[in-house]
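Peer 1: Before we start, here is the structure in question, set down as structure tokens.
FYI, it's all coordinate maths here, none of it is from the lab. Keep in mind it's a predicted model, so treat the numbers as computed, not measured. Methodologically, a virtual Cβ is constructed for each residue, glycine included, from the backbone with ideal geometry; neighbour enumeration extends over all protein chains shown.
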Amino acid sequence: MSSSLLSRSLRSSVTPQRLLRFSSSAPAPPPPPAPSARPPPNRHVRFYRDILPPMVRVLAYGSAVYFAAHLAWTLLDGREQRALENEVRERLEGDVRQRREALTQEEKGQEHKAGWMGWFSK
């Protein structure tokens, strides 16, 4: 009997709080706002948060690709220009050699004129 009194007294102290908490007479907490009831985010905030970081990333990748392509083009163009310059230089050196040989053979065939007018009559 004493145990039933004890359990009843414990139950009575806990029960009213539970009843008050879940009672229909107590005001219900306000429901959370519906997703459609929220105002749309500010356009500027959305731009800086959602759009700008990917654009910066694309700009950075594009700049890196452009820099790499320009560097490769510069390297390859330099090689091509050196090859063309070597080809032109060799051709010009060959022309100079031929003209020198022709000039030396022409001088060997001519006799030197004596006097100061010899250079003028050539």
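Peer 1: Residue by residue through segment 87-92, which ³J(HN,Hα) values in whole Hz follow from phi under the Karplus form 6.51 cos²θ - 1.76 cosθ + 1.60 (θ = phi - 60°), with glycine and proline marked x?
Peer 2: 5, 5, 4, 5, 5, 5
Peer 1: What residues from segment 69-87 fall in the zone where the backbone N is under 13 Å from a label point 7 Å along the Cα-to-C-beta line of Glu93?
Peer 2: 85-87
Peer 1: Let me ask another. From the phi of every residue in segment 95-104, what ³J(HN,Hα) in whole Hz does the Karplus formula 6.51 cos²θ - 1.76 cosθ + 1.60 yield, where θ is phi - 60° and glycine or proline is x?
Peer 2: 4, 5, 4, 4, 5, 5, 5, 5, 5, 5
Peer 1: Okay, next question. Return the sequence-ordered ³J(HN,Hα) values of segment 59-71 in whole Hz as given by the Karplus equation 6.51 cos²θ - 1.76 cosθ + 1.60 applied to θ = phi - 60°, using x for Gly and Pro.
Peer 2: Running phi through 6.51 cos²θ - 1.76 cosθ + 1.60 with θ = phi - 60° gives 4, 5, 5, x, 5, 5, 5, 4, 4, 5, 5, 5, 5 Hz.
Peer 1: Taking 0.36 nm per residue of separation and subtracting the Cα-Cα distance, what length does fully extending Gln105 through Arg57 add?
Peer 2: Numbers: separation 48, 0.36 × 48 = 17.28 nm, distance 7.17 nm.
Extra length from Gln105 to Arg57 when fully extended: 10.1 nm.
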